[in-house]
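The block underneath contains the structure these notes are about, expressed in structure tokens.
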Amino acid sequence: MKSCIVLDIGGTAIKYALAEPLPDGRPRLTSRGQLPSEGNLGGGQLRDKALRIIGSFLEKEGRDQILGAAISTAGMVDPESGTIVHSGPTIPDYEGVCYKEAVEQAFGLPCEVENDVNCAGLSEYLAGAGQGAQSMLCLTVGTGIGGCAVIDGKVLHGFCSAGCEVGYLHMRGSCFEKLGAASILSEKVAAAKHEPAGSWDGIRIFAAAKQQDLDCLRAIDEMCDVLGEGIANLCYVLNPEVVVLGGGIMAQKELLGPKLRQSLDRYLIPYLADKTKLRFAMQGNDAGMAGAFYHFQRKQKERSALG
């Protein structure tokens, strides 16, 4: 059985594996690995690292055993050309990097590229917390806030590949991710404790909150209130059947679940609150790579149909 090389490229790490298609359509991930992305060094070196990983797999497995390369990456992505069309400051000079062209020229290998949150969302829709829904909004809450909407099985890309860039949503004189991201939670607790920034991470905050630390509980409540308002605003536009929440912080679903449900209900009209399901992501760290595989399959089928 031929496999697809899958990469999940972020500002901190590049995860990679071989994805073997299983009879039910899901990927079996093998030969996993990870290396520092060093995104601060620029987009060019990220592209070069990706090419080296793909080249290594081809050398080891043989070209005839590889279907192609599937890439999930940070930044706004044009999925037709496989090009980064916009990126934040964490990865300098990333805009304009074209993975699809680079891979196909270097190896003659089919390549498809998609935004990392869209990949995670697609994975949750097809095989995770959004499975079976007609429409789904997926948010990843971490250093920032990313969004993906899947409607009738299709990822909403918008007119120029900027659909569901929810982190930029204007709220309360600021923007969604500057108010509700997990990184803001750490900053708030450190400030309340009069301690250096970075001295409180999510693990420490939630452990203290379970011991009834008032500063931590207050910061969590404020974060949940922001997330509830932002999600409600998105629900008024998209009206998803299911909202799926991912990101490392969402592992604390026992504490966050009731607070987020209460906040979302506060900002939604009762009719929508009753109809909108709130769930937590199930795919974990594999979501990006699995989603890249699903995206590769879909795009290759579309391209074949177009001739």
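Observations on the structure shown:
- Filtering ALA149, ALA50 for residues that are buried (at least 21 other Cβ atoms within 10 Å of the Cβ), outside the structural domain of MET171 (by TED's automatic domain parsing) and either in a loop (DSSP other than H, G, I, E, B) or not charged (D, E, K, R) (or both) leaves a single hit, ALA50.
- Residue match in segment 213-230 (condition: closer than 21 Å to CYS119 by Cα and touching a strand residue (DSSP E or B) at 6+ places or on another chain (Cβ under 7 Å)): no
- Within segment 58-78, the set of residues being in a loop (DSSP other than H, G, I, E, B) and surrounded by fewer than 19 Cβ atoms within 10 Å (Cβ to Cβ) comprises just one member, GLY62.
- Residues located in segment 212-249, provided they are closer than 24 Å to LEU126 by Cβ, modelled with pLDDT of 95 or more and not polar (S, T, N, Q): ILE231, LEU234, CYS235, VAL237, LEU238, PRO240, GLU241, VAL242, VAL243, VAL244, LEU245, GLY246
Each row is one residue, and each column tells you yes or no for (1) among the small types (Gly, Ala, Ser); (2) in contact (Cβ under 8 Å) with a residue 40 or more places away in the chain; (3) assigned to a loop (DSSP other than H, G, I, E, B); (4) surrounded by 14 or more Cβ atoms within 10 Å (Cβ to Cβ).
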site: GLY33; (1), (2), (3), (4): yes, no, no, no
site: ALA102; (1), (2), (3), (4): yes, yes, no, yes
site: CYS119; (1), (2), (3), (4): no, yes, no, yes
site: GLY130; (1), (2), (3), (4): yes, yes, yes, yes
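- Subset of segment 35-47 [assigned to a helix (DSSP H, G or I) and of a type in the set (A, V, I, L, M, F, W, C)]: LEU41, LEU46
- Note on segment 169-231: enclosed helices (runs of 4 or more DSSP H) holding 1 or more residues that are assigned by TED's automatic domain parsing to the domain that holds LEU260 and more than 28 Å from LEU268 (Cβ to Cβ) are 182-193, 202-210.
- Some residue of segment 56-70 being within 14 Å of the chain's Cα centre (by Cα) and modelled with pLDDT of 95 or more: no
- Yes/no for THR73 being within 20 Å of LEU126 (Cβ to Cβ), β-branched (Val, Ile, Thr) and modelled with pLDDT of 95 or more: yes
The values are calculated or read from the model by the stated rules, or taken from the named source; none is laboratory data. None of the values given here were measured: they were computed from a predicted structure. Heads up, the Cβs are rebuilt from the backbone with ideal geometry, glycines too, and the neighbour counts pull from every protein chain shown.
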